[in-house]
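Asker: Encoded as C-alpha cells, here's the structure I'll be asking about.
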Amino acid sequence: MKKILFIGAEAMPFAATGGLGDVMGSLPSAVARAGNGDIDVRVVMPLYSQISEKWRSQMTTEAVFSLGLAWRKQYCGIKSLEWNGVKYYFIDNEYYFKRDTLYGCYDDGERFAFFSKACIEMLSALEWYPDVINANDWQAALSVIYLRCKYSDRAEYSGIRTVYTIHNIEYQGKYDHAILGDVFELDWWKSVVDNDGCINLMKGAIECADRVSTVSPRYAEEIQGEEHSHGLSPILRANAYKLTGILNGIDYEYYDPTRDSSIAKSFSWRTQCGKYENKYALQREIGLPITNDIPLISIVSRLAAHKGLDIISEMIRPLLNNCASQLVILGKGEARYERFFEELQRDYPDRVRALITYDRDLAKRIYAATDIFLMPSKSEPCGLSQMIASRYGAIPVTRETGGLYDSIKPYYENGDTITGNGFTFANYSAIELGGAAAAAISLWNDEKRRAKLVGRIMRTDFSWSRSAEKYIEMYSSL
Ligand code: GLC
C-alpha cells in the first residue's frame, strides 16, 4: 500500500478562504478512491479556531509533544478525524492558530514555520512515514525544505519523496534575512531560500522538492515566462525538468445540480427548464424583474484587478447599454471595485445587483440561476468557478490563460456540429471581453442553439477522476 500525505494551510469543509481549500477538501479523497483501497491518503492542516465544534467533537488526540523552533519551545497537539475516506490531521497550538483570520497576521512566517515543522515531527510521533509528501503553496513550503535540509540524515525520513504544488505563484512567502535563523532555523541553508535579496520560501521548496506541480498544464508553461511568474521564472526554468501541470477538478458531489439542496430546484442537462426556476427564484430573492426573456449574467469573484475587474469595469456599461440583459455580482475585495458595482446598481436599478459579500450557498444559487458567467482573469493558475458555472449550466466567457485556457474551449459551430464549451478571448482587453460576452448573449437569444450548447457544457467532465489518476502517476514515478 502506498502512503501519501498532503500538507496545506486550509481544507474544505473545515476551514478555507479560497481554491486551495476546495482542492485540499476534494483531491485527497479522489486519490483515495482512484487507488481502490491501495493508497492510504492523509492530510494535515492547522487547527484554526474557525474550525467548528461540529468537527472538533469528532476529533481524537493522536499525540502531544513540545516542538522547538529556534529558541522557542511550544506545545503541539495532533488531532485527527476521518472524512470521506481520508484521515485529516490538525496541528493544535492556540498561540498560533486562535486568531481572527486564517492568514494575514504579522507573524505568518513564524506561524507557518511552526506548522511546517510540526507536520514533519508529527510523523515520528505517530510512527507513520508516508512514501510521498505533497506540500501545497507557500505556507507548507518549509515542510519540504526542512525535510531535505534537516531530516534527510534520519533513516526513517530518508525514503520520503516530495511534491511541491503551486496553486498561486503570487504568494511566495518572502521575508527579510533577519529572521533566517531566529525564526526559520535555516542559517546554514541561506542559499536554499535566498532569492533576489530576501528569503523566498516558495523558491526554496521548488529547489528542494523531487517534483513541482501546478494546477494546470498551461500555467506550468506560463510561469516559466516573466509575465506570470512574479519573479520566479528563472528558478522555474532551471527546474523545468521536474515541473508538471495537472488540471484541478471540482467536487462532483458538493457541486451537483441534480441533488443540491441549496438551490431552488434541481435540474440536469436533460431538464434545463429547471434552471429557469432557479433564475426566477434568484430574481425574486435579489429583487430583479422576474423574466426569462433576457439573459442573466453573473460574476462571482474576489474583486481584484488581476481577476479581470479592470477590464470588466471598462466594458460593462457599454454591454448593458447595447444588450438587453441583467447582471449580478457576488464578491468582496478592493474598495474601488466594490464602489464601482454599487454605483452600477444605482445607475441600473432594474438590471444590476451588487452583492458585496462572500457566501458559498448564495454562490451556488447564482451559478444555478445565471445564463452567462464572466471570468476574464489576467492570470489564472486553474480557476474553479468556470467549472462550477459550467456544471450548473451557465455559459462561461473566459480569457485564454492558465487553467481557463485548459478547461474552456471556444464555441464553434459547423452545420449541426458544435465544438467548444464557452466563449473565449486571447488578449487582455475590454474590447475583446465585450465581443466575447456579446457573442454569448446573441447565442443565448437563440433558444435552440442555447439548449444544445448548455447541454454540452453541463456534460463536460470537470470531475477529479482523470486528474486524480495523473497525481497517482506522478507519485508512482517517484
Ligand atoms: C488558487 C488559484 C486558482 C486555483 C486554486 C486551486 O486559488 O488562484 O486559480 O483554482 O488555487 O488550485
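The values are calculated or read from the model by the stated rules, or taken from the named source; none is laboratory data. None of these values were measured; they are calculated from a predicted model. As a convention, Cβ positions derive from the backbone with ideal geometry for all residues, glycine included, and neighbour counts pool all protein chains shown.
Asker: Can you tell me which of (1) without any contact (Cβ under 8 Å) to a residue 24 or more places away in the chain; (2) within 19 Å of I246 (Cβ to Cβ) is the one K54 doesn't meet?
Answerer: (2)
Asker: So, in the stretch 445-466, of the ones that are touching a Ser or Thr at 6+ places or on another chain (Cβ under 9 Å) and closer than 21 Å to I299 by Cα, which residue ends up surrounded by the fewest Cβ atoms within 10 Å (Cβ to Cβ)?
Answerer: T460
Asker: Still on this structure: Keeping to the stretch 124-165, report how many residues are in contact with a Phe, Trp or Tyr (Cβ under 8 Å, 6 or more places away or on another chain) and within 16 Å of the ligand (Cβ to nearest atom).
Answerer: Residues in the stretch 124-165 being in contact with a Phe, Trp or Tyr (Cβ under 8 Å, 6 or more places away or on another chain) and within 16 Å of the ligand (Cβ to nearest atom): 9 in total.
Asker: Here is a check on your reading of the model: is V43 part of a strand (DSSP E or B), at negative phi and within 16 Å of the ligand (Cβ to nearest atom)?
Answerer: Judged against the criteria, V43 is a match.
Asker: Taking the condition of a type in the set (D, E, K, R), within 30 Å of R33 (Cβ to Cβ) and assigned by TED's automatic domain parsing to the domain that holds C198, does D92 pass?
Answerer: So D92 fits the description; yes.
Asker: Pull up the stretch 166-178, narrow it to residues that are away from the ligand (no atom under 16 Å from the Cβ) and without any contact (Cβ under 8 Å) to a residue 60 or more places away in the chain, then point me to the one that is farthest from I4 (Cα to Cα).
Answerer: Going through the qualifying residues, I end up with A178.
Asker: Would you mention how many residues in the stretch 429-475 are free of Cβ contacts under 8 Å to residues at least 12 places away in the same chain, closer than 30 Å to G25 by Cα and not in a loop (DSSP other than H, G, I, E, B)?
Answerer: 1
The rows are residues; the columns are (1) modelled with pLDDT of 95 or more; (2) under 16 Å from L126 (Cα atoms); (3) buried (at least 23 other Cβ atoms within 10 Å of the Cβ); (4) of a type outside the set (A, V, I, L, M).
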position: F14; (1), (2), (3), (4): yes, no, yes, yes
position: G25; (1), (2), (3), (4): yes, no, yes, yes
position: R33; (1), (2), (3), (4): yes, no, no, yes
position: D38; (1), (2), (3), (4): yes, no, no, yes
position: A63; (1), (2), (3), (4): yes, yes, no, no
position: S66; (1), (2), (3), (4): yes, yes, no, yes
position: Q74; (1), (2), (3), (4): yes, no, no, yes
position: S80; (1), (2), (3), (4): yes, yes, no, yes
position: W83; (1), (2), (3), (4): yes, no, no, yes
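Asker: Among residues belonging to the stretch 252-279 that are small (G, A, S) and out of contact with any Asp or Glu (no Cβ under 7 Å at 6 or more places or on another chain), point out the one that is surrounded by the most Cβ atoms within 10 Å (Cβ to Cβ).
Answerer: Top of the filtered list is G274.
Asker: Of all strands (runs of 3 or more DSSP E) completely enclosed by the stretch 46-162, which ones contain at least 1 residues that are of a type in the set (F, W, Y)?
Answerer: Answer list for the stretch 46-162: 60-69, 72-83, 86-92.
Asker: Do any helices (runs of 4 or more DSSP H) entirely within the stretch 195-282 hold 1 or more residues that are farther than 28 Å from G159 by Cα and not polar (S, T, N, Q), and if so, which?
Answerer: Ranges flagged: 217-222, 226-229, 233-238.
Asker: With the checklist (1) surrounded by fewer than 18 Cβ atoms within 10 Å (Cβ to Cβ); (2) within 16 Å of the ligand (Cβ to nearest atom); (3) in contact (Cβ under 8 Å) with a residue 60 or more places away in the chain in hand, flag the one item E221 doesn't pass.
Answerer: (3)
Asker: I'd like the full set of residues that are hydrophobic (A, V, I, L, M, F, W, C) and either within 11 Å of the ligand (Cβ to nearest atom) or closer than 20 Å to N421 by Cα (or both), limited to the stretch 356-393.
Answerer: Selection gives I366, A368, A369, I372, F373, L374, M375, C382, L384, M387, I388, A389.
Asker: Across the stretch 163-179, what is the total count of residues that are in a loop (DSSP other than H, G, I, E, B) and crowded, with 19+ Cβ neighbours inside 10 Å?
Answerer: Qualifying residue count for the region: 5.
Asker: I'm trying to understand the selection: among the residues of the stretch 394-420, which are away from the ligand (no atom under 12 Å from the Cβ) and of a type in the set (D, E, K, R)?
Answerer: Scanning the stretch 394-420 gives R399, E400, K409, E413, D416.
Asker: How many residues are in contact with a strand residue (DSSP E or B) (Cβ under 6 Å, 6 or more places away or on another chain) and within 30 Å of D38 (Cβ to Cβ) when one looks only at the stretch 95-120?
Answerer: 3
Asker: Which of (1) part of a helix (DSSP H, G or I); (2) touching a helix residue (DSSP H, G or I) at 6+ places or on another chain (Cβ under 9 Å) is the odd one out, the single condition I299 does not satisfy?
Answerer: Status for I299: all satisfied but (1).
Asker: For the structure I just gave you, tell me whether A389 is on the phi < 0 side of the Ramachandran plot, small (G, A, S) and over 25 Å from the mean Cα position of the chain (by Cα).
Answerer: No.
Asker: If we keep just the residues of the stretch 188-217 that are closer than 19 Å to N136 by Cβ and of a type in the set (K, R), which is nearest to the ligand (Cβ to nearest atom)?
Answerer: Only one residue tops the list, namely R211.
To keep it simple, each residue is scored yes or no on (1) under 24 Å from the mean Cα position of the chain (by Cα); (2) surrounded by fewer than 19 Cβ atoms within 10 Å (Cβ to Cβ).
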site: N321; (1), (2): no, yes
site: S325; (1), (2): no, no
site: V328; (1), (2): yes, no
site: A335; (1), (2): yes, yes
site: E338; (1), (2): yes, yes
site: D347; (1), (2): no, yes
site: D350; (1), (2): no, yes
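Asker: If R56 passes every condition in (1) within 24 Å of the chain's Cα centre (by Cα); (2) more than 18 Å from Y475 (Cα to Cα) but one, which one does it miss?
Answerer: Unmet condition: (1).
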